[in-house]
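Student: Mind having a look at this structure? Questions to follow.
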Amino acid sequence: MLLEKGFKNFYIEAGGDIQAYGINGQGTKWSVGIQNPFDPSQIVKVIRLKDMGIATSGSYRRGQHIYDPHNTNEPLAEIVSVSVIGPNIYEADRFATAAFAMGAKGINFIENLKGFEGYMIDKDGMAIQTSDFVRYL
């Protein structure tokens, strides 16, 4: 809607997910922090976005609310968060949720999606990122 109204530079946060278009007031890409799931007062990565969205799925804020559809009785405990960068917030959120439901294999799923990058943090605090995630740092 904002694009249709002629806005070219804006940043929208909805439930922790971000849609960024254009550039910020300093003339650079928008900066977005990925929160440390073990200490929400800390940022573990800062990414730079223009005309893209980022979404994070995890259990650290809202508790266990995403399940493996093949085994709904087993809580997902391998990972605590997956952040996905995509062409827009809708696609990023859709694939972040799917990747989280896949557990540790989810980052491989994101790696194989054209136009998407991801950053996963496991239960031990180890992070794994897709091969081109560095383009956004």
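The values are calculated or read from the model by the stated rules, or taken from the named source; none is laboratory data. Quick caveat, the model's predicted, so the values are computed rather than measured. Please note: Cβ atoms are built from the backbone with ideal geometry, for glycine as well, and neighbour counts cover all protein chains shown.
Student: Part of a strand (DSSP E or B), in contact (Cβ under 8 Å) with a residue 40 or more places away in the chain and within 22 Å of Q19 (Cβ to Cβ) - does that describe any residue in the range 82-98?
Tutor: Yes, the conditions are met somewhere in the range 82-98.
Student: State the number of residues belonging to the range 101-131 that are in a strand (DSSP E or B), among the β-branched types (V, I, T) and either surrounded by 22 or more Cβ atoms within 10 Å (Cβ to Cβ) or modelled with pLDDT under 95 (or both).
Tutor: 1
Student: Taking V44, is it assigned to a strand (DSSP E or B), at negative phi, surrounded by fewer than 18 Cβ atoms within 10 Å (Cβ to Cβ) and modelled with pLDDT of 90 or more?
Tutor: So V44 fits the description; yes.
Student: Restricting to the range 114-137, and then to whatever is small (G, A, S) and in contact (Cβ under 8 Å) with a residue 40 or more places away in the chain, can you tell me which residue is farthest from T97 (Cα to Cα)?
Tutor: Residue satisfying both the conditions and the ranking: G125.
Student: Check whether at least one residue in the range 49-58 is among the hydroxyl-bearing types (S, T, Y), touching a Pro at 6+ places or on another chain (Cβ under 8 Å), at pLDDT below 95 and closer than 17 Å to Y119 by Cβ, and report yes or no.
Tutor: no
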